[in-house]
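Undergrad: Pasting a structure here, questions to come.
The values are calculated or read from the model by the stated rules, or taken from the named source; none is laboratory data. Keep in mind that this is a model prediction, so the values were computed, not measured. Every residue, glycine as well, gets a Cβ built from its backbone with ideal geometry; the counts of neighbours run over all protein chains shown.
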Amino acid sequence: MTKINWAGFAKKNPKERLSQIKPLLSKESYYILENKILLKQDIASQIVENTLGTFALPFSVVPEIEVNHQNYTVPFVTEEPSVVAACSFASKIIKRSGGFKATVHNRQMIGQIALYDIKQIDQAINAIKKQKKQLLAIANSAHPSIVKRGGGAIDIKTNLIEDESPLLVVQVLIDTKEAMGANIVNTMTEALKPYLEILTNGKSLMAILSNYATESLVTATCAINYRFLNRDKIKAKEFSERIVLASNFAKKDPYRASTHNKGIFNGIDAVCIATGNDWRAIEAGAHAYASKNGRYEGLTTWRLDEANEKLLGEITLPLPLATKGGSIGLNPSVLVAFDILGNPDAKILASIVASVGLAQNFAALRALVTEGIQEGHMKLHARSLALLAGCLPNEVPFIVDLLLKEKHKNLSTAEKILENYRNNTLE
Ligand code: NDP
């Protein structure tokens with residue numbers, strides 16, 4: 001992978017940053033960024049309905065996230081101050097300790113066909129079992145192109161939901177290769193509906209993929225040496241113990257778990273948006289996974305390895321990310337994002353994104369168990385306040401400096417400071 005000199009990157013202007021990361025970019029991506037080419041209105045109107053235009057958000061990068069001994073520059077699209085800085089900070093510390101290790105356990109999607117009004121459930125289940133091969137062939141013939149790509153329907157299971165009106169759910173396991181697979185899975189499951197109705201002598205209620213993608217689990221881990229947490233070993237250990245306590249808090253209390261996981265998704269969503277992935281699908285699956293033990297829990301686990309003086313972090317979540325399909329090929333910014341990442345396949349992208357989630361969580365917990373989250377947040381929020389108050393870009397650093405010294409860091413204070421600043425500089 002191309003090596004970039006990241007020195008001073010955060011302090012440069014966008015034009016200087018672009019020339020600094022030029023070695024990562026194809027000619028086409030460089031041209032897109034240099035000429036500020038965005039999704040065109042006529043393309044946008046083909047993707048969704050009633051468009052009035054397109055909508056811009058900041059596009060940033062987090063440099064040097066090391067995953068399985070490879071360095072990645074990771075594109076982030078987010079409007080929230082401090083997310084990019086926090087992830088950069090955390091991944092730098094984790095890189096010094098050997099980076100992230102990530103494992104993609106599998107990469108298949110699940111489709112569901114729900115059937116009801118079945119008079120003889122046992123007989124229906126047996127018929128489905130007996131006809132499995134034929135049912136898989138029907139599913140695959142509904143979307144032959146994914147079979148040609150080496151994927152397709154590979155298994156069928158049943159799940160009975162016992163209720164006043166029982167539901168027999170047929171679950172189809174489908175390898176969707178580089179695509180997220182919603183349309184592929186929906187096409188296949190819909191094709192199965194009429195056959196299953198005949199086979200079970202029942203009625204189908206619906207056929208759709210499940211976003212609870214438990215067959216697309218990814219784990220990322222890191223092992224941070226105490227010495228990178230604090231020069232003072234005792235303080236480093238105490239800090240690590242506080243992180244472990246914070247991790248336990250999020251395992252036991254859904255009020256905390258919700259905010260804990262929101263912090264994780266600050267990073268994961270930012271990469272999903274940059275890469276044209278369906279972040280609602282990823283969030284829905286991960287939040288369901290966070291409740292797998294019957295209670296909503298934090299998605300990360302932090303432990304101590306006292307013998308080796310390390311703080312160990314781990315995240316596991318479903319990440320059926322795509323590098324093909326949906327709107328991925330239509331948005332020029334998405335093309336740039338993939339280029340910056342080095343055009344990974346879907347499994348590598350999932351490894352990177354799981355690592356981003358763990359990095360983001362470490363940064364948030366570090367701030368929370370030390371100085372609190374507001375100090376860092378307010379520094380960045382002050383910039384937004386300065387801009388909202390009407391600062392010109394060259395005035396922002398001065399106004400931010402003055403605003404940070406104030407007790408009440410709000411819009412009206414920023415406006416007063418700007419007014420005084422302009423009066424004084426004009427005099
Ligand atoms: P597509 O319908 O775009 O299908 C994938 C496309 O990628 C196909 O055209 C396929 O071509 C092409 N492709 C090229 N190379 C590959 C490859 N190596 N592996 C796999 N496909 C390849 O997208 P999906 O089926 O992934 O569906 C995703 C979209 O569905 C997203 O926009 C999502 O928002 C939306 N959606 C999500 C739902 C949910 O999450 N609940 C529900 C409904 C829609 P070919 O056909 O030639 O194989």
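Undergrad: How many residues does region 18-53 hold that are surrounded by 15 or more Cβ atoms within 10 Å (Cβ to Cβ) and of a type in the set (F, W, Y)?
TA: Residues flagged as surrounded by 15 or more Cβ atoms within 10 Å (Cβ to Cβ) and of a type in the set (F, W, Y) within region 18-53 amount to 1.
Undergrad: Taking region 140-157 as the search range and keeping residues that are surrounded by 18 or more Cβ atoms within 10 Å (Cβ to Cβ) and among the β-branched types (V, I, T), which one is nearest to K119 (Cα to Cα)?
TA: Here the answer is I156.
Undergrad: Pick from region 141-160 the residues that are touching a Gly at 6+ places or on another chain (Cβ under 9 Å) and not small (G, A, S): which of them is nearest to the ligand (Cβ to nearest atom)?
TA: I146
Undergrad: Which of the residues spanning region 196-218 are surrounded by fewer than 17 Cβ atoms within 10 Å (Cβ to Cβ) and either in contact (Cβ under 8 Å) with a residue 40 or more places away in the chain or among the aromatic types (F, W, Y) (or both)?
TA: Correct list: E197, N201, K203, L205, M206, I208, T214.
Undergrad: Sort out which residues of region 404-427 are in contact with a helix residue (DSSP H, G or I) (Cβ under 8 Å, 6 or more places away or on another chain), over 17 Å from E375 (Cβ atoms) and among the hydrophobic types (A, V, I, L, M, F, W, C), and write them in order of number.
TA: L411, A414, I417, L418, listed by residue number.
Here is a yes/no grid of residues against (1) closer than 26 Å to A236 by Cβ; (2) not in a helix (DSSP H, G or I):
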| site | (1), (2) |
| --- | --- |
| A363 | yes, no |
| E371 | yes, yes |
| S384 | no, no |
| P393 | no, yes |
| I399 | no, no |
| E406 | no, yes |
| K409 | no, yes |
| K416 | no, no |
| E419 | no, no |
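Undergrad: Still on this model: Going by the structure shown, is A359 among the aliphatic types (A, V, I, L, M), surrounded by 23 or more Cβ atoms within 10 Å (Cβ to Cβ), touching a strand residue (DSSP E or B) at 6+ places or on another chain (Cβ under 8 Å) and over 13 Å from Y72 (Cα atoms)?
TA: yes
Undergrad: Looking for whichever is within 16 Å of the ligand (Cβ to nearest atom), at pLDDT 95 or above and either within 21 Å of the chain's Cα centre (by Cα) or farther than 22 Å from A137 by Cβ (or both) here; the options are N211, N248, N186, N225. Which one fits?
TA: N211
Undergrad: Report yes if T176 is under 22 Å from the mean Cα position of the chain (by Cα), buried (at least 23 other Cβ atoms within 10 Å of the Cβ), within 16 Å of the ligand (Cβ to nearest atom) and over 30 Å from I93 (Cβ atoms), otherwise no.
TA: yes
Undergrad: Name the helices (runs of 4 or more DSSP H) wholly inside region 49-165 in which the number of residues that are at pLDDT 95 or above and of a type in the set (K, R) is 3 or more.
TA: Per the criteria, 83-96.
Undergrad: To continue, here is another question. Name the one entry in I282, I264, I243 that is β-branched (V, I, T), assigned to a helix (DSSP H, G or I) and within 16 Å of the ligand (Cβ to nearest atom).
TA: Of I282, I264, I243, the one residue that is β-branched (V, I, T), assigned to a helix (DSSP H, G or I) and within 16 Å of the ligand (Cβ to nearest atom) is I282.
Undergrad: Tally time: how many residues in region 251-273 are under 26 Å from P344 (Cα atoms) and either under 10 Å from the mean Cα position of the chain (by Cα) or free of Cβ contacts under 8 Å to residues at least 60 places away in the same chain (or both)?
TA: Number satisfying all stated conditions: 12.
Undergrad: Additional query: Which condition from (1) over 28 Å from F265 (Cα atoms); (2) within 16 Å of the ligand (Cβ to nearest atom); (3) touching a Lys or Arg at 6+ places or on another chain (Cβ under 8 Å) is the one that V170 breaks?
TA: (2)
Undergrad: Looking at region 285-299 only, could you name the residues that are under 14 Å from the mean Cα position of the chain (by Cα) and away from the ligand (no atom under 16 Å from the Cβ)?
TA: Listed by number, the list holds a single entry, L299.
Undergrad: What number goes with the only condition from (1) farther than 23 Å from Q70 by Cβ; (2) touching a strand residue (DSSP E or B) at 6+ places or on another chain (Cβ under 6 Å); (3) within 16 Å of the ligand (Cβ to nearest atom) that L330 does not pass?
TA: Here L330 clears every test but (2).
Undergrad: Next question, about the same structure. Mind telling me which of the residues D163, D117, D122 ends up being over 30 Å from K347 (Cβ atoms), touching a Lys or Arg at 6+ places or on another chain (Cβ under 6 Å) and more than 15 Å from the ligand (Cβ to nearest atom)?
TA: When all the criteria are applied, what remains is D117.
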